[in-house]
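K.L.:
After the structure tokens below, expect a handful of questions from me.
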Amino acid sequence: MIARRQRRKSVQNSDPGKILDLVMSLTDDKSAQLQTKINTYLVQECEAEQALLVAVSREHSDAFIEAVGSSMLLRKRKICLTEKFKLVLESVGEQTEYLSNMEEDFRSFVEPTLGTENPKKRVVMFPIPDDPFSLIVCIVSPTVQEDRVGLIIYEAFLFFWPVLKKSIMLEYERTVKYKCQQLLRVARKLFTQVEKLQTLLHMAMEQAKMLMSAEYCSVMLIDVDQMDLVEIYDPMELHMTNTETVKRRFKMDVGIAGIVVNTGNLVNVKNPEKHPKFNPEIDSYPGITCRSLLCFPIRDQSGIIGVGSLYNKLGDPYFDAMDEEMALAFSVYCGVCIVHSMVYQKMQEAHIRNALANELVMYHMKVGDAEVSRLLECTGFHKHPHIASLSFNVRALPPRELPCYVLKMFSDLGLQKKFNLHATKLARFVLHVKKGYRDVPYHNWMHAFNVAQWAYAALINYKLVSSGYLTDLQALMYLIACLVHDLDHRGTTNRFQIMGQTSLAALYSSEGSVMERHHLAQAVCVLNTEGCDVLAALPRADYDRAIIMLKDYVLATDLANFFKNLPEYEMIAMDYQKGNRLHCAALQALLMNSADLSDQLKDWSVIKKTAAAVLTEFFKQGELEKSRGEPALAFMDRDKCFIPALEQEFLTTTCMPLYSLLAKIIPKAEACTKVLEGHLKQWEAASYVFSEVPISAGLSVLLSPELDNLIEQSIKEREEELMEGAKKAEATDDD
């Protein structure tokens, strides 16, 4: 228990009864109360003028006093652990010193309790070494012999110290717990102020002052561009409302703060002005006497981002080891909050820039009132007899009349009247969407109109609403989704965006379906544009459902999602239930894919043009990938892509499964698979024609006006070969 003490552990110089009575009375919770009783005993036994105990944390080199004689101090008071005290702790017996030679902080607690008749007062100091706390018993002006003073203290503390030590340790643990709770409360407050860095830092330093009981505080962050320290929070501006003033700058190797930046270590200085690196410009402020300084690094995951400084410990001569631990823990929370604040501000700035960019895009896409009026007042024919046909060739319509036909679709289906769609808003919406498509070979406004036309025809021919397959709201969003599903398409695939690490990939790749999510975002942007908000008349609940439907419809056009969900679609198609929400969602996705790929259901002349447009986009992407040093996929490389094989594979692996599933749910869709079978025969015959020319010339062959004649000739030759083969087989059987 008491180290390095070779004396007998027995009582020979003290009254065992008094010691036992005092030990029995040591039942108080506070160590200060225990000390007053022990001090009173020591004064009586040593016939001394005063007695007090100096507790020392051996690990942290902190010393403190809680009671002088029979009087408790208002709170635990720290004193400097001088060299004299350190020598006492290392000794094996008592040490004597005149009170006048002791440090001022020690005298300030003792002298007011002493008489003035004898100015030269001796202080006998006796060590009680232990871990984690030791004790220095101080007896002022004892009248018994000094060697007997040591024996009295030694014998008494054989019994007093275990109780007192437990009390000191208990209070220390309570203090640690309280400080940790304070730290957590501070952290919680900091994380609520990440919106503005200045506000966050102001609160952080105020909380640091409270946490470590400092008089002043400041924080400096590292300016990476100029490699210097910038003062962010000035304690002299505590009551100023304008914190956007010009801040002081310092080199990163100046003063005690410079030591912290360069070493990453906390520096606790009890007398800063005597420190060799002290610089009053950075380590203090005009008008402030820097009595004590605690300077700590502020870190994030990348390293040190700044320095915090606390000046002048309140109520004590210096910052102790617990303050150091709290400062380091606080600096971690502070660093995380600062980084989060900076990220938050960057996100806010990015959001503002994005909003401004959208405003700019919307301005250049702006649809004038004259355009809307012309569309609404158009007196064209707009009654093509086959507009509601599932195999209708939309290229038969004049491009300028396509917006008129879109309005006709909404009107014919009764959607405009049913949902109270404002005619002017609907017209402006359609014209905005038209302008939102880029001039790319395939994924352009014509493609969007074609997809919407097939959806319009499907709603009519399959009677999707009246037969209970879709609700009116689902039908409305189906048509709208078809119009917007490829908005701002760049003529490149999701793979191209991800491999190229484009801005779209950075924005959406974590969620998947990069381009589809971009199309959706653009669509919502248009729907939120003033004058284009065609869904504004919907009740709030219907509006929320409509936006969710729009998302599901547009994301369904990513064929990766189709193949991922294909096993589920097959199970649903085997026993489709109209009232089942899961089954209905699957049908909506299949209908959206069917409309998106409906070009494959048109006649052969349309099929060729569609294939040429798609392949033109593919080959352009392949060339871009090669220019980036990336290998292009075979079907995007004009030198490797055998067009008939690619088309046959697409029809077989994608289109046939899709329309076969649709036909199982909607029997009238069975005709779609018949059309596809015919196209497969055409591409099979075309493969003989394409095999006669170099692969790189495939696109030219596809666009050649002689292709149909060559295919027809190839089909005849194949039929003749089959007939001759059959005749030979019959002749062989006759023989």
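K.L.:
Would you confirm, using the coordinates I've provided, whether residue 624 is open to solvent by 40 Å² or more (accessible area, probe 1.4 Å) and under 21 Å from residue 458 (Cβ atoms)?
P.N.:
no
K.L.:
Only one of (1) over 30 Å from the mean Cα position of the chain (by Cα); (2) part of a helix (DSSP H, G or I) fails for residue 576. Which number is that?
P.N.:
Answer for residue 576: the failing condition is (2).
K.L.:
In segment 299-322, how many are under 24 Å from residue 338 (Cβ atoms), part of a loop (DSSP other than H, G, I, E, B) and in contact with a strand residue (DSSP E or B) (Cβ under 6 Å, 6 or more places away or on another chain)?
P.N.:
Final tally of qualifying residues: 1.
K.L.:
Answer yes if at least one residue in segment 306-325 is assigned by the TED database to the domain that holds residue 219 and over 26 Å from residue 78 (Cβ atoms), and no otherwise.
P.N.:
Yes; the residues of segment 306-325 include at least one that is assigned by the TED database to the domain that holds residue 219 and over 26 Å from residue 78 (Cβ atoms).
K.L.:
Okay, moving on. List the helices (runs of 4 or more DSSP H) that sit entirely inside segment 447-531 and contain at least 3 residues that are at pLDDT below 95.
P.N.:
Hits in segment 447-531: 494-499, 503-508, 514-527.
K.L.:
With 575, 596 as the choices, which residue is crowded, with 17+ Cβ neighbours inside 10 Å, of a type outside the set (A, V, I, L, M) and closer than 21 Å to residue 657 by Cβ?
P.N.:
It is 596.
K.L.:
I would also like to ask the following. Identify all residues within segment 545-573 that are in contact with a Gly (Cβ under 9 Å, 6 or more places away or on another chain) and assigned to a helix (DSSP H, G or I); write none if there are none.
P.N.:
555, 560, 561
K.L.:
Among the candidates 478, 508, which residue alone is within 26 Å of residue 347 (Cα to Cα), crowded, with 19+ Cβ neighbours inside 10 Å, of a type in the set (Phe, Trp, Tyr) and assigned by the TED database to the domain that holds residue 426?
P.N.:
508
K.L.:
In addition: For residues that are in a loop (DSSP other than H, G, I, E, B) and open to solvent by 80 Å² or more (accessible area, probe 1.4 Å), scanning just segment 267-297, find the one that is modelled with the lowest pLDDT.
P.N.:
For segment 267-297, the residue satisfying everything is 286.
K.L.:
Can you tell me which of 372, 343, 367 is surrounded by fewer than 14 Cβ atoms within 10 Å (Cβ to Cβ), closer than 30 Å to residue 529 by Cβ and among the β-branched types (Val, Ile, Thr)?
P.N.:
Testing whether each residue is surrounded by fewer than 14 Cβ atoms within 10 Å (Cβ to Cβ), closer than 30 Å to residue 529 by Cβ and among the β-branched types (Val, Ile, Thr) leaves just 343.
K.L.:
Does any residue in segment 394-416 that is farther than 17 Å from residue 429 by Cβ and open to solvent by less than 20 Å² (accessible area, probe 1.4 Å) come within less than 6 Å, Cβ to Cβ, of a residue that is of a type in the set (S, T, N, Q) and modelled with pLDDT of 95 or more six or more places away or on a different chain, and which pairs are these?
P.N.:
From segment 394-416, the pairs are 394/450; 394/453.
K.L.:
Tell me, please, whether a residue that is touching a Lys or Arg at 6+ places or on another chain (Cβ under 7 Å), assigned to a helix (DSSP H, G or I) and buried (at least 18 other Cβ atoms within 10 Å of the Cβ) can be found in segment 134-154.
P.N.:
For segment 134-154, residues touching a Lys or Arg at 6+ places or on another chain (Cβ under 7 Å), assigned to a helix (DSSP H, G or I) and buried (at least 18 other Cβ atoms within 10 Å of the Cβ): present.
K.L.:
As an exercise: evaluate residue 467 against (1) surrounded by fewer than 23 Cβ atoms within 10 Å (Cβ to Cβ); (2) under 38 Å from the mean Cα position of the chain (by Cα) and give the number of the one condition it does not meet.
P.N.:
(2)
K.L.:
Select from segment 433-484 the residues that are touching a residue at least 40 places away in the same chain (Cβ under 8 Å), out of contact with any Asp or Glu (no Cβ under 7 Å at 6 or more places or on another chain) and of a type in the set (D, E, K, R) and list them in ascending order.
P.N.:
Residues satisfying the conditions are 435, 472.
K.L.:
Still on this model: Scan segment 34-72 for residues that are open to solvent by 60 Å² or more (accessible area, probe 1.4 Å) and assigned to a helix (DSSP H, G or I) and jot them down.
P.N.:
Within segment 34-72, 37, 44 qualify.
The values are calculated or read from the model by the stated rules, or taken from the named source; none is laboratory data. Quantities reported herein were computed from a predicted structural model and do not represent experimental measurements. Because the Cβ atoms are built from the backbone with ideal geometry, glycine has one as well, and the counts that use them run over all protein chains shown. Quick note on the areas: whole protein, heavy atoms, side chains included, nothing else; ligands and nucleic acids left out. Shrake-Rupley method; radii C 1.70, N 1.55, O 1.52, S 1.80 Å.
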